[in-house]
1. Does GLY111 satisfy the condition of being touching a residue at least 40 places away in the same chain (Cβ under 8 Å) and surrounded by 19 or more Cβ atoms within 10 Å (Cβ to Cβ)?
2. Look at VAL129 and say whether it is surrounded by 17 or more Cβ atoms within 10 Å (Cβ to Cβ) and over 29 Å from HIS3 (Cβ atoms).
3. Return the residue satisfying two criteria in turn: it lies in region 132-149 and is of a type in the set (A, V, I, L, M) and more than 12 Å from the chain's Cα centre (by Cα), and of such residues it is surrounded by the fewest Cβ atoms within 10 Å (Cβ to Cβ).
4. Does LYS116 meet the test of being at pLDDT 95 or above, under 19 Å from GLU15 (Cα atoms) and exposed (fewer than 14 other Cβ atoms within 10 Å of the Cβ)?
5. Need pairs with beta-carbon distance below 7 Å; first residue more than 10 Å from ARG110 (Cβ to Cβ) and within region 124-140, second assigned to a loop (DSSP other than H, G, I, E, B) and not hydrophobic (A, V, I, L, M, F, W, C); sequence gap 6+ or separate chains.
Amino acid sequence: MDHEEFYNRVKIGDEIPPLEKQATLEGFQTPEIFGGIELANGSDEAKEKAMALGVDAIHTSKVFGGVFMLQFISEMITNWLPSPKYWVQGGRLFAKFVGLVKFNELIMCRGKVKDKTLKDNKNYFVCDVWIENASRDKVVIGEVQIPFS
């Protein structure tokens with residue numbers, strides 16, 4: 001499908017094909033950089049981190065979050081578009097973290113086309129995006145803007 005055909009086929013309200021992922025940090029040596037916080041050891045530091053996150057149960061083994069989760073939204077968007085170049089060459093993501101995900105939890109990235117607009121002689125998709133944890137609670141909410149010209 002060519003560029004113009006894809007743009008014309010997409011309608012406001014269309015859902016972006018969802019992406020199901022397991023929240024893991026395989027291959028990373030320091031998960032703290034990506035939002036992984038150890039809570040299981042019962043130390044004062046772990047308790048302080050849990051309180052700062054609003055987690056009241058120290059028995060939670062690990063919490064997954066932060067910017068690492070944003071790559072899943074990016075993957076969903078590039079899977080949907082006919083070419084990743086539209087996202088990579090000027091796509092914008094605005095996100096808010098509103099909940100927690102446990103390590104190895106199955107999450108679902110979702111999105112919906114909110115608007116198609118013309119700005120600076122470029123067509124844009126504007127989409128609401130979010131990530132749900134295994135309980136289907138939204139843990140990330142946001143918006144993407146994708147130049148499509």
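The values are calculated or read from the model by the stated rules, or taken from the named source; none is laboratory data. Bear in mind the structure is a predicted one, so any value in this text is a computation, not a measurement. Positions of Cβ are generated from backbone atoms using ideal geometry, with glycine treated the same way; all protein chains shown enter the neighbour counts.
1. On the way: touching a residue at least 40 places away in the same chain (Cβ under 8 Å): yes; surrounded by 19 or more Cβ atoms within 10 Å (Cβ to Cβ): yes.
Yes, satisfied.
2. Working: surrounded by 17 or more Cβ atoms within 10 Å (Cβ to Cβ): yes; over 29 Å from HIS3 (Cβ atoms): no.
It is false that VAL129 is surrounded by 17 or more Cβ atoms within 10 Å (Cβ to Cβ) and over 29 Å from HIS3 (Cβ atoms).
3. At the first step, the residues of region 132-149 found to be of a type in the set (A, V, I, L, M) are 134, 139-141, 144, 146.
Next, only the ones that are more than 12 Å from the chain's Cα centre (by Cα) stay: 134, 146.
Working: ALA134: 13, ILE146: 22.
Within region 132-149, the match that is surrounded by the fewest Cβ atoms within 10 Å (Cβ to Cβ) is ALA134.
4. Values: at pLDDT 95 or above: yes; under 19 Å from GLU15 (Cα atoms): yes; exposed (fewer than 14 other Cβ atoms within 10 Å of the Cβ): no.
Spelling it out, it is not the case that LYS116 is at pLDDT 95 or above, under 19 Å from GLU15 (Cα atoms) and exposed (fewer than 14 other Cβ atoms within 10 Å of the Cβ).
5. Matching pairs, first to second residue: ASN133/GLY99; ASN133/GLU105; ALA134/GLU105; ASP137/GLY99; VAL139/GLY99; VAL139/ASN133.
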